[in-house]
Amino acid sequence: MKISPVINLPKAEGFQTNSDKRLDQKQSKDDEPEYVLSEFLDAKAQQFSDEDANFAGHYENLEKVYDDLERKINVLQEQISKLNQDPIQRHLQLNSHNPVTQNSNKNQSLTMLPEHAGVKRYRDSQQQDHIDILLKQLNELQSKQAQVKQQMIDMVITELKQRDNEEYKL
(Lines give C-alpha, C1' and ligand atoms only; values in the text may rest on other atoms or scores of the structure.)
Protein backbone atom coordinates (compact mmCIF):
# COMPACT_ATOMS: atom_id res chain seq x y z
CA MET A 1 0.00 0.00 0.00
CA LYS A 2 1.40 3.32 -1.07
CA ILE A 3 0.49 6.54 0.73
CA SER A 4 0.62 9.72 -1.30
CA PRO A 5 1.51 12.98 0.39
CA VAL A 6 -1.23 15.49 1.00
CA ILE A 7 -0.52 18.90 -0.50
CA ASN A 8 -2.31 21.85 1.02
CA LEU A 9 -2.51 24.71 -1.42
CA PRO A 10 -2.84 28.20 0.01
CA LYS A 11 -6.23 29.75 -0.39
CA ALA A 12 -6.52 32.80 -2.60
CA GLU A 13 -8.82 34.73 -0.31
CA GLY A 14 -7.28 38.15 -0.81
CA PHE A 15 -6.72 37.71 -4.54
CA GLN A 16 -8.48 40.22 -6.76
CA THR A 17 -8.33 40.63 -10.49
CA ASN A 18 -7.94 44.07 -12.02
CA SER A 19 -11.63 44.13 -12.94
CA ASP A 20 -12.56 43.28 -9.33
CA LYS A 21 -10.37 46.12 -8.10
CA ARG A 22 -11.97 48.57 -10.55
CA LEU A 23 -15.45 47.46 -9.43
CA ASP A 24 -14.50 47.97 -5.78
CA GLN A 25 -13.10 51.43 -6.57
CA LYS A 26 -16.24 52.35 -8.50
CA GLN A 27 -18.45 51.16 -5.66
CA SER A 28 -16.42 53.09 -3.10
CA LYS A 29 -16.73 56.22 -5.26
CA ASP A 30 -20.48 55.63 -5.41
CA ASP A 31 -20.58 55.39 -1.62
CA GLU A 32 -18.95 58.80 -1.19
CA PRO A 33 -21.35 61.70 -1.67
CA GLU A 34 -20.51 63.98 -4.55
CA TYR A 35 -20.43 67.62 -3.61
CA VAL A 36 -21.18 70.31 -6.17
CA LEU A 37 -19.42 73.08 -4.27
CA SER A 38 -17.95 71.58 -1.11
CA GLU A 39 -19.22 69.68 1.87
CA PHE A 40 -19.64 72.88 3.92
CA LEU A 41 -21.18 75.02 1.18
CA ASP A 42 -23.54 72.26 0.04
CA ALA A 43 -24.70 71.76 3.64
CA LYS A 44 -25.28 75.50 4.05
CA ALA A 45 -27.13 75.68 0.74
CA GLN A 46 -29.37 72.83 1.88
CA GLN A 47 -29.98 74.55 5.21
CA PHE A 48 -30.83 77.88 3.53
CA SER A 49 -33.08 76.09 1.03
CA ASP A 50 -34.98 74.47 3.87
CA GLU A 51 -35.45 77.81 5.61
CA ASP A 52 -36.09 80.13 2.63
CA ALA A 53 -38.29 79.13 -0.33
CA ASN A 54 -37.01 82.02 -2.46
CA PHE A 55 -33.41 80.92 -1.99
CA ALA A 56 -34.41 77.30 -2.61
CA GLY A 57 -36.08 78.10 -5.94
CA HIS A 58 -33.19 80.13 -7.27
CA TYR A 59 -30.54 77.67 -6.08
CA GLU A 60 -32.49 74.70 -7.48
CA ASN A 61 -32.66 76.40 -10.89
CA LEU A 62 -28.89 76.91 -10.83
CA GLU A 63 -28.40 73.25 -9.90
CA LYS A 64 -30.56 72.17 -12.85
CA VAL A 65 -28.54 74.35 -15.23
CA TYR A 66 -25.30 72.98 -13.75
CA ASP A 67 -26.45 69.35 -14.18
CA ASP A 68 -27.64 70.03 -17.73
CA LEU A 69 -24.28 71.54 -18.63
CA GLU A 70 -22.54 68.55 -17.03
CA ARG A 71 -24.52 66.13 -19.26
CA LYS A 72 -23.75 68.16 -22.37
CA ILE A 73 -20.04 68.25 -21.47
CA ASN A 74 -20.00 64.46 -21.03
CA VAL A 75 -21.66 63.93 -24.42
CA LEU A 76 -19.15 66.22 -26.13
CA GLN A 77 -16.23 64.49 -24.43
CA GLU A 78 -17.50 61.11 -25.64
CA GLN A 79 -17.89 62.42 -29.20
CA ILE A 80 -14.38 63.87 -29.18
CA SER A 81 -12.87 60.65 -27.84
CA LYS A 82 -14.67 58.63 -30.53
CA LEU A 83 -13.41 60.96 -33.24
CA ASN A 84 -9.87 60.72 -31.89
CA GLN A 85 -9.94 56.93 -32.22
CA ASP A 86 -8.33 55.20 -35.15
CA PRO A 87 -10.86 55.00 -38.04
CA ILE A 88 -10.57 51.20 -38.20
CA GLN A 89 -11.26 50.89 -34.49
CA ARG A 90 -14.28 53.20 -34.82
CA HIS A 91 -15.58 51.12 -37.73
CA LEU A 92 -15.19 47.87 -35.78
CA GLN A 93 -17.01 49.29 -32.78
CA LEU A 94 -19.90 50.46 -34.93
CA ASN A 95 -20.19 47.14 -36.75
CA SER A 96 -19.83 45.06 -33.60
CA HIS A 97 -23.16 46.41 -32.32
CA ASN A 98 -25.04 45.29 -35.45
CA PRO A 99 -26.57 41.79 -35.23
CA VAL A 100 -25.02 39.45 -37.82
CA THR A 101 -26.51 36.17 -38.95
CA GLN A 102 -24.28 33.12 -39.09
CA ASN A 103 -24.46 32.85 -42.89
CA SER A 104 -23.27 36.40 -43.48
CA ASN A 105 -20.65 35.98 -40.75
CA LYS A 106 -18.94 33.23 -42.75
CA ASN A 107 -18.72 35.41 -45.85
CA GLN A 108 -17.54 38.47 -43.95
CA SER A 109 -13.89 39.28 -43.56
CA LEU A 110 -11.99 42.35 -42.51
CA THR A 111 -10.30 43.79 -45.55
CA MET A 112 -8.63 47.12 -45.86
CA LEU A 113 -8.85 48.73 -49.23
CA PRO A 114 -5.93 50.90 -50.24
CA GLU A 115 -6.77 54.56 -49.86
CA HIS A 116 -5.52 57.44 -51.95
CA ALA A 117 -3.25 59.72 -49.91
CA GLY A 118 -5.18 62.85 -50.94
CA VAL A 119 -8.48 61.33 -49.86
CA LYS A 120 -6.96 60.33 -46.53
CA ARG A 121 -5.56 63.82 -45.91
CA TYR A 122 -8.90 65.41 -46.85
CA ARG A 123 -10.82 63.07 -44.55
CA ASP A 124 -8.33 63.62 -41.72
CA SER A 125 -8.47 67.41 -42.14
CA GLN A 126 -12.28 67.34 -42.14
CA GLN A 127 -12.23 65.17 -39.04
CA GLN A 128 -9.73 67.48 -37.32
CA ASP A 129 -11.89 70.50 -38.20
CA HIS A 130 -14.88 68.74 -36.64
CA ILE A 131 -12.84 67.91 -33.51
CA ASP A 132 -11.71 71.55 -33.27
CA ILE A 133 -15.33 72.74 -33.42
CA LEU A 134 -16.35 70.26 -30.72
CA LEU A 135 -13.40 71.31 -28.54
CA LYS A 136 -14.46 74.95 -28.88
CA GLN A 137 -18.01 74.04 -27.86
CA LEU A 138 -16.63 72.01 -24.95
CA ASN A 139 -14.56 74.94 -23.71
CA GLU A 140 -17.58 77.26 -23.93
CA LEU A 141 -19.75 74.81 -21.97
CA GLN A 142 -17.07 74.36 -19.33
CA SER A 143 -16.75 78.13 -18.88
CA LYS A 144 -20.55 78.45 -18.59
CA GLN A 145 -20.54 75.67 -16.01
CA ALA A 146 -17.82 77.46 -14.06
CA GLN A 147 -19.89 80.67 -14.13
CA VAL A 148 -22.95 78.83 -12.82
CA LYS A 149 -20.86 77.26 -10.07
CA GLN A 150 -19.51 80.71 -9.16
CA GLN A 151 -23.08 82.03 -8.96
CA MET A 152 -24.00 79.18 -6.63
CA ILE A 153 -21.00 79.93 -4.39
CA ASP A 154 -21.82 83.65 -4.40
CA MET A 155 -25.43 82.90 -3.42
CA VAL A 156 -24.38 80.86 -0.40
CA ILE A 157 -21.74 83.39 0.69
CA THR A 158 -24.18 86.28 0.30
CA GLU A 159 -26.75 84.42 2.37
CA LEU A 160 -24.13 83.72 5.04
CA LYS A 161 -23.29 87.44 5.17
CA GLN A 162 -26.94 88.47 5.30
CA ARG A 163 -27.61 86.16 8.19
CA ASP A 164 -24.57 87.69 9.87
CA ASN A 165 -23.21 84.44 11.24
CA GLU A 166 -20.37 85.39 13.53
CA GLU A 167 -18.56 82.09 13.25
CA TYR A 168 -18.55 82.29 9.44
CA LYS A 169 -17.55 85.96 9.09
CA LEU A 170 -16.00 86.36 5.64
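The values are calculated or read from the model by the stated rules, or taken from the named source; none is laboratory data. This is a predicted model, so every value here is computed, not measured. Cβ atoms come from the backbone with ideal geometry, glycine included; neighbour counts cover every protein chain shown.
Observations on the structure shown:
- So Lys44, is it touching a residue at least 60 places away in the same chain (Cβ under 8 Å), surrounded by 12 or more Cβ atoms within 10 Å (Cβ to Cβ) and touching an Asp or Glu at 6+ places or on another chain (Cβ under 8 Å): yes
- Of all the criteria given as (1) at pLDDT below 60; (2) farther than 30 Å from Asp129 by Cβ, the one not satisfied by Glu34 is (1).
- Lone qualifier among Met152, Met112 - being in a helix (DSSP H, G or I) and either modelled with pLDDT under 70 or closer than 23 Å to Lys44 by Cα (or both): Met152
- Reported count of residues in region 48-70, each being surrounded by 13 or more Cβ atoms within 10 Å (Cβ to Cβ) and farther than 19 Å from Val148 by Cβ, is 1.
- Only one entry in Leu135, Leu141, Leu76, Leu83 is within 30 Å of Phe48 (Cβ to Cβ), assigned to a helix (DSSP H, G or I), at pLDDT 85 or above and among the hydrophobic types (A, V, I, L, M, F, W, C), namely Leu141.
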